[in-house]
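S.K.: Let me give you the structure first, and then I'll get to my questions.
The values are calculated or read from the model by the stated rules, or taken from the named source; none is laboratory data. Remember, predicted model here, so these are calculated numbers, not experimental data. Cβ atoms come from the backbone with ideal geometry, glycine included; neighbour counts cover every protein chain shown.
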Amino acid sequence: MSADKEPKEKKKKKGSGLMLKLAIPVVLLGAGGGGMYGLFAAGIIGGGAHEKIKEDNNPKLVRKGEEDPYAPKAEGGKEGEGGGAEVEGDGGSAYKTSYFTFSDEFTSNLKNSDALVQISLACSTRRDGRVLMWLKKHELAIRSALLNVLADTPEEDIGSLEGKERLQKRLTAAINQVLTKEEGFGGVDQVYFRSFLVQ
């Protein structure tokens, strides 16, 4: 009889040992998986899969007929010039163009020359009103950059139409460089000469 009991006890011990050997790896895998999930969810590992995607908050192009939520209000709360609503034509560009006029003229010596240039400038943007606000806000820094461009312009360049067009592009780039440095976005499309005098 005792011979019959021994094999049953050995069978029980073998069965419970096998269950223990299978349970330990399953428990360890579960704990490790849970830990890895926690690290992924916290963004500690995995390349930041849970990082928030930055929203593009740059000034947007404004189509004709759309309202610009950033448009500066006219004096007295009136829309557009003369108190009426702004009217857009059907042809040409699909986007509104807004203009900014610099308050004072620019006077500078020309590169390697005794000549002086005196210009009055304006610029345009098809982006929302934030660009116009930034132009006004950073006008001093922009003026300084534009004077540097003028001082680096040879007299020969301003004597031809092609030279003036190159100067316009350099002035536009200088404005956008200041705005990008200060606000993270340029947005000026073109510079215009309102007056141009060389002495």
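S.K.: What are the residues in the stretch 160-199 that are basic (Lys, Arg) and assigned to a helix (DSSP H, G or I), if any? So that I can check it myself, show each step before the final result.
M.R.: So in the stretch 160-199, the residues basic (Lys, Arg) come out as 164, 166, 169-170, 181, 194.
Across the stretch 160-199, the qualifying residues are 164, 166, 169, 170, 181.
S.K.: Another one. Restricting to the stretch 116-151, name every residue that is over 23 Å from the mean Cα position of the chain (by Cα) and surrounded by 15 or more Cβ atoms within 10 Å (Cβ to Cβ).
M.R.: Within the stretch 116-151, 117, 119, 120, 121, 147, 149, 150 qualify.
S.K.: Quick check on this structure: which one of 124, 103, 113 is at pLDDT below 95, within 22 Å of residue 192 (Cα to Cα) and of a type in the set (Ser, Thr, Tyr)?
M.R.: Values: 124 fails: at pLDDT below 95; 113 fails: within 22 Å of residue 192 (Cα to Cα).
Every option except 103 fails the conditions.
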